[in-house]
């Protein structure tokens, strides 16, 4: 055997597998131009003369492929008139009408058909009353052109249409070109595939696109789930989507949804999928100006579990107003309604730090809110009180402080200075994903520390968690705050 660039059915299947792996999700969303043309690189006369048996075997493999239902497509033959070997008919290229035929070549036809069928059902829910048929188009009509076995390497006339088709086929590289930008196929195959655009992509019914002049609902990211989810699970998804769309502002807790087989665990496991699909539905209803909501409760009109805050009342006199309770976890609204008039307020990021606070005259301590500091704007007894924020000494700590000042402009930072950071150098850790600026509500000193952390002035991605700071030193600073 000699080295050859010609592709046999096995090589084409491998090529299509790479194409499938990189593109099938996009195909489910209607991307791609069809038919897909695969050049088989028929041999020259010189190559054929050197490897006559190999070329015969190659031709026979393609003749057999035309009879294989698992290898659909239109096989185009070409006629070559050679001085030494005479007139020959050789397989020249394979045309695949759409993704369904690619799926058949890579043994994914069952998954593709099921994903298309289920995607159509989902689209009917997301785009109601628009003539969305949701049917899945079957593979385009397959035409095989293959001579009889005795015609291989024989002096036989080639069909004129195949010859004209070969002359018309443009040789260009586009998204189907394995070496084109963004392609998923390996380099070196740029002449193995090209695409002949068609205005009629053989994916799902073109009427899917009637719901929007831009694009149908995008479901490609859910391909694996659509192709593999148990039937009962898929029916649950349809039932949940249908009910939430029909009852857009129910105000129910998830636990109260009157949908058979649905509980909070199922919703939790499928939260991301529900958010994506409901958001697409709402954007189509509201138009181009709709916000990109990512919260399931707001998208579905469901009641959210109460936002709880943990509060410690550090002054015995203040605890008298709460019946002696000193450690309270309650919804924000109930915290806001407490009859408290503290002299100073501490907000600490770490729960263990807040629990370590001893009694302090006139003080309360709120713990472990992270970035959710907007809740403090709803607490009236915090207004016009000295507020001290103690967060981690890293870029996210300063980002939270910056956010807090949008609601409590006079909040002061505590133990978030360069001296504290450098004093505990042996306790530094590495910050995985630093927060990005700009932070407009920091003081000049705070901003200098933030920028030094961001630019690695003291080391790469330095951070100091507040719980690592020496407690005796920290408690002394806390007691003196506000004095």
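Got a sec? How would 407, 389, 253 order by Cβ neighbour count within 10 Å, fewest to most? Walk me through the numbers before you get to the answer.
Values: 407 17, 389 24, 253 13.
Arranged by neighbour count, lowest to highest, 407, 389, 253 become 253, 407, 389.
Using the alpha carbon gyration tensor of the range 396-464, what are the three equivalent-ellipsoid semi-axes (square root of 5 times each eigenvalue), largest first, in whole Å?
Equivalent ellipsoid semi-axes, largest first: 20, 13, 10 Å.
Using 0.36 nm per residue, how much length does the chain from residue 325 to residue 21 gain when fully extended, once their Cα-Cα distance is taken away?
Full-extension gain reported as 103.4 nm.
How long are the three semi-axes of the equivalent ellipsoid for the range 298-351, computed from the Cα gyration tensor as the root of 5 times each eigenvalue, in whole Å, largest first?
26, 13, 9
Give me the mean projected area, in nm² to one decimal, of the convex hull enclosing the Cα positions of the range 331-477.
Here the figure is 8.6 nm², rounded to one decimal.
According to a simple spin-label model (label point 7 Å from Cα along Cα-to-Cβ), what is the distance in nm between residue 81 and residue 440?
7.8 nm
First measure r as the distance between the Cβ atoms of residue 255 and residue 61, then evaluate 1/(1 + (r/R0)^6) with R0 = 56 Å and state the FRET efficiency to the nearest 0.05.
Calculated transfer efficiency: 0.40.
What spacing in nm lies between the two simple spin-label points modelled at residue 238 and residue 285, each 7 Å away from Cα in the Cβ direction?
Between residue 238 and residue 285, the simple spin-label model gives 2.1 nm.
For the peptides 112-122, 348-358, 242-252, what is the packing order when you average, over each peptide's residues, the other Cβ atoms within 10 Å and list the highest mean first?
Packing proxy ranking, top to bottom: 112-122, 348-358, 242-252.
Give the value in nm², to one decimal: projected area of the alpha carbon convex hull of the range 229-300, averaged over all directions.
Projected over every direction and averaged, the Cα hull of the range 229-300 covers 4.7 nm².
Taking Rh as the Kirkwood radius computed over C-alpha pairs, what is the Stokes-Einstein D of the range 318-377 at 25 °C in a medium of viscosity 0.890 mPa s, expressed in µm² per second? If you can, show how the numbers build up before the last one.
Values: Rh = 12.4 Å.
Taking Rh from Cα pairs, D becomes 198 µm²/s.
To the nearest 0.05, what FRET efficiency results for residue 418 and residue 264 with a Förster distance of 41 Å applied to their C-beta separation?
On the way: r = 46 Å, r/R0 = 1.13.
So the FRET efficiency works out to roughly 0.30.
Roughly speaking, what is the stretch gain from residue 470 to residue 425, that is 0.36 nm per residue apart minus the C-alpha to C-alpha distance, in nm to one decimal?
Contour length minus Cα-Cα distance gives 15.0 nm.
What is the spin-label model distance, in nm, from residue 480 to residue 46 if the labels are put 7 Å beyond Cα along the C-beta direction?
Each label point is offset 7 Å from its Cα along the Cβ direction, giving 9.0 nm.
Computed from the coordinates by the stated procedures, all read-outs in this text should not be read as laboratory data. All of these numbers come straight from a predicted model, not from anything done at the bench. Because the Cβ atoms are built from the backbone with ideal geometry, glycine has one as well, and the counts that use them run over all protein chains shown.
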